[in-house]
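Take a look at the structure below.
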Amino acid sequence: MNKKERRLRLALLEHVSAVRGLPVTAQRRAVLKTVLEMYNHPSAEQVYAAVAMRQQRVSRATVYRALDTLVEMR
């Protein structure tokens, strides 16, 4: 996935979140960005490790909740 496609998907996340009344937090954005940059089907632990390397102040629970929210938005 190229940078343009990632930007479009991030914009879609923001739009869908706004329609559903959900805030687009920095953590949700970081989780989605990380998932979009991975070329495989990552586990929640892999996503957590990648996000934690970039953003030190994120918990496993936050990553799991963000992933759950993204799944619900599909």
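Every number here is computed from the coordinates shown, using simple stated rules; none is lab data. Quick caveat, the model's predicted, so the values are computed rather than measured. Every residue, glycine as well, gets a Cβ built from its backbone with ideal geometry; the counts of neighbours run over all protein chains shown.
For the residues Val16, Val63, Val51, a GNM of the chain with alpha-carbon springs under 10 Å puts the largest fluctuation on Val16. Check each of the GluC sites (Glu not before Pro) in the stretch 1-39 and keep only those in coil by DSSP with at most 10 other C-beta atoms within 10 angstrom; list them in order. Counting only loop positions with at most 10 other Cβ atoms within 10 Å, none of the GluC sites (Glu not before Pro) in the stretch 1-39 qualifies.
Restriction of the chymotrypsin sites (Phe, Trp or Tyr not before Pro) in the chain to DSSP coil positions whose beta-carbon has at most 16 other beta-carbons within 10 angstrom yields Tyr39. Across the alpha-carbon set of the chain, the Rg to Rh ratio works out to 0.94, Rh being the Kirkwood radius. Loop-resident trypsin sites (Lys or Arg not before Pro) (DSSP state other than H, G, I, E or B) in the stretch 20-63 with no more than 11 further Cβ atoms inside 10 Å of their Cβ: Arg57.
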